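**Q** First the structure, then my questions, so here it is.
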Amino acid sequence: MTTHLKNQKKTNIQKKTNIQKKSQISIYAIIPLLLIIALVPLILYIKQTKLTAVENLFMGSNNSQTDMFSYYKMVWFLVFSAASLIPFLFIQNLNVLEKDKRIYYIPAGIYTLLVLISSITSEYKSTAFYGFFGRYEGAFVLIAYIAVMLAAMNILKEEKHIKILFICLFSSAAVISLLGALQLVGIDYFNTNFVLSLITPSELKKLGGHMEASFGKGTLFSTLYNPDYVGSYMAMLMPVIIISIVYLKKISHKLIATTLLCLIIINWIGCDSLAGIFGGIVSIIVILIMFRKKIMQHKVIALSIVVLLCGGLIIMNFATPGLITNKMRGLTAIFEKNAGTESQKALDKALQGLADVSVDSEKARIVTEKGVFQIRVSEGKLDISDEDNIKIDSGISGNTVNISDSRFQNIKLVTKPEEGLIEVYYNDYDLIGVIFTKDGLASSTNRWMTFRGNKSIETFGFKGYETFATNRGYIWSRTIPLIKKSALLGYGPDTFPIYFPQYDYVAKLKYYETGGMFVDKAHNMYLQTAMNSGLIAMLALLALFGIYFVTSVKIYIKEKFESFLPFAGFACFAAFVGYAVAGLANDSVISVAPVFWVLLGLGIGINVRLMKGKAVQMNKGKNA
């Protein structure tokens, strides 16, 4: 009997040990998340892509384009995202469905479902699922964002794993920041044969030629494709580094982190992203509020950091042509009515009285405050009339057609029969080129006019503030009416450039100084979501963010920050604030968003653990 009990006890202990082993999370389980947060933002490799019919239509290319920054980031992110879910199959006791996590699953699930439905119901299903060329943020990627958030929530539990993740994040940020700093001082490694040879596939090398990254000298984009995306990344990373400096104990570690912080600040300001600037400022304010007690305890250290930062900014302002002072002027100018460059203001003056320009296969229409000027070609002859199809008097001098009608005397035409082209001048400004094709008339300066038909250009708000935040006022004023038309399910992920009124010729001239500008993004992560998958999806996303924000404030406003987890959780929260605020004027993009979603998942997971720990302490206090 005794022997039997001993054997049974031994068996129970062995079973318990086996369960513990199975429930332990191996370092291998977090490798996909490490790769997402460290490697994906660094991936650069040229991909020659065959465009879909709609992409070819809107991009006006010859069936294929080359992408350097986004395609392979998308591919490897999807691979790593799928791999990050594998541990759910093998690790027991992850407590995936514990009570404090369920509140996040509801908005995340609604958002995911609506992304899927909006893609299935989209007119452009291929774009909706795989993404538009150059962005590649279709439904598969959007759903993968939620997947990696769930993986980070449930798998990143051990402190050593979280520390490894931050080390990988900082290493990646160091590379991105160093490359960005080099670009800022004019060292553009992309235009070197060595770098291009590394990122060019062999089949393209055989074709010969030379490809260069088409960015101006001194433009900071690093491996993230666009200065705005650098702004979002730095607004997210800067608060994490600042909090790490406070947490680290060894002087050598603090010096390394401070060096990285300096690099990040250089990129944060040097990338010229106002959205990134605002995101970073708000995240710093959050740090000051939450760390108020520690700041009061370490006044000398806090003052030293402020002096160091101010000194660095002053040195940077002298080293560059007034970068900081120009940025400050830019921050105040974005709120001015009718703000813009001198050339924009001069062009706006030249275009006074001009309301609209359109071209279809039958006619070109110049709509002014005095009437409508119409151009037709009938049996090889030029036919000019007004909105009532009454012929307009004109005189011909060589290839120039001068208008006699007092309503349109500020318009003249220059014909180039050998090119099949009519150039239309308005107040001596070369307004638009009208070309003859086998299918009728078309615009040589705005290829999207062909698709306009009888569509009117609707606007909402921002009247007089179209130049707000580098013309974002203009984009938002045209985007909001589109959302109203498809509020329930949106148009499908990444279809924004297909539905935006690319034929809005006069406004593009005024705000971009070219009527051929291709607007491919909403420059607002939340409007982007509403366009993609509808208002309910946007509200679900905001609910997810709102729950995390409120929970984090409740935790960290009273936190004493005496151990690693509160510091790590607060770092994730501050990063969230920086990115979410920058998202008010920047887009979600495959270069940066994967890092955000991993940190969001980690932050939620840490919050759940901290709340559980406080609940246990409260119960112990009651029982004592």
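**Q** Exactly one of these conditions fails for Met538: (1) surrounded by 22 or more Cβ atoms within 10 Å (Cβ to Cβ); (2) touching a residue at least 24 places away in the same chain (Cβ under 8 Å). Give me its number.
**A** Failing condition for Met538: (2).
**Q** Any idea which residue in segment 330-360 is most open to solvent (accessible area, probe 1.4 Å), counting only those that are at pLDDT 80 or above and under 30 Å from the mean Cα position of the chain (by Cα)?
**A** Across segment 330-360, the extreme among qualifying residues is Glu342.
**Q** Next up: Return the only residue of Lys293, Lys327 being charged (D, E, K, R) and modelled with pLDDT of 80 or more.
**A** Unique residue meeting the criteria: Lys293.
**Q** Among (1) more than 47 Å from the chain's Cα centre (by Cα); (2) open to solvent by 60 Å² or more (accessible area, probe 1.4 Å); (3) at pLDDT 90 or above, where does Arg365 come up short?
**A** That leaves (1) as the condition not met.
**Q** I need the full set of residues from segment 579-616 which are open to solvent by 20 Å² or more (accessible area, probe 1.4 Å) and under 25 Å from the mean Cα position of the chain (by Cα), in order please.
**A** Across segment 579-616, the qualifying residues are Val581, Leu584.
**Q** Hey, does segment 215-223 have a residue that's part of a helix (DSSP H, G or I) and in contact (Cβ under 8 Å) with a residue 40 or more places away in the chain?
**A** No: segment 215-223 contains no residue that is part of a helix (DSSP H, G or I) and in contact (Cβ under 8 Å) with a residue 40 or more places away in the chain.
**Q** Among the residues of segment 107-123, how many are touching a residue at least 12 places away in the same chain (Cβ under 8 Å) and either within 22 Å of Leu544 (Cβ to Cβ) or touching an Asp or Glu at 6+ places or on another chain (Cβ under 9 Å) (or both)?
**A** Total satisfying the criteria: 11.
**Q** In addition: Any idea which residue in segment 405-443 is nearest to the chain's Cα centre (by Cα), counting only those that are part of a helix (DSSP H, G or I) and closer than 21 Å to Gly353 by Cα?
**A** Restricting to residues being part of a helix (DSSP H, G or I) and closer than 21 Å to Gly353 by Cα, the top hit is Phe408.
**Q** Looking only at segment 198-214, how many residues end up being modelled with pLDDT of 85 or more and assigned to a helix (DSSP H, G or I)?
**A** Total meeting the criteria: 2.
**Q** Just the residues that are over 23 Å from Ala540 (Cα atoms) and open to solvent by less than 30 Å² (accessible area, probe 1.4 Å), please, taken from segment 84-134.
**A** Ser84, Pro87, Ile91, Leu94, Phe132, Phe133, Gly134
**Q** Right, here's the next one. Suppose we filter segment 472-505 for residues that are open to solvent by 10 Å² or more (accessible area, probe 1.4 Å) and touching a strand residue (DSSP E or B) at 6+ places or on another chain (Cβ under 8 Å); how many remain?
**A** 1
**Q** Provide a single number: the residues in segment 62-100 that are within 24 Å of the chain's Cα centre (by Cα), under 22 Å from Phe129 (Cβ atoms) and part of a loop (DSSP other than H, G, I, E, B).
**A** 2
**Q** Of the conditions (1) buried (at least 24 other Cβ atoms within 10 Å of the Cβ); (2) outside any loop (DSSP other than H, G, I, E, B); (3) not β-branched (Val, Ile, Thr), Phe576 satisfies every one except a single condition; which number is it?
**A** (1)
**Q** Restricting to segment 382-427, what's the tally of residues that are open to solvent by 90 Å² or more (accessible area, probe 1.4 Å) and of a type in the set (A, V, I, L, M)?
**A** Here the count works out to 2.
**Q** Can you pull out the residues in segment 130-142 that are closer than 19 Å to Ala530 by Cβ and either in contact with a helix residue (DSSP H, G or I) (Cβ under 7 Å, 6 or more places away or on another chain) or of a type in the set (Lys, Arg) (or both)?
**A** Gly131, Phe132, Arg135, Gly138, Ala139, Val141, Leu142
The values are calculated or read from the model by the stated rules, or taken from the named source; none is laboratory data. The structure displayed is predicted, hence computed values, not measured ones. Quick reminder, even Gly has a Cβ in these numbers, built from the backbone with ideal geometry, and neighbours come from all protein chains shown. Keep in mind that these areas ignore ligands, DNA and RNA; they rest on the heavy atoms of the full protein, side chains included. Shrake-Rupley method; radii C 1.70, N 1.55, O 1.52, S 1.80 Å.
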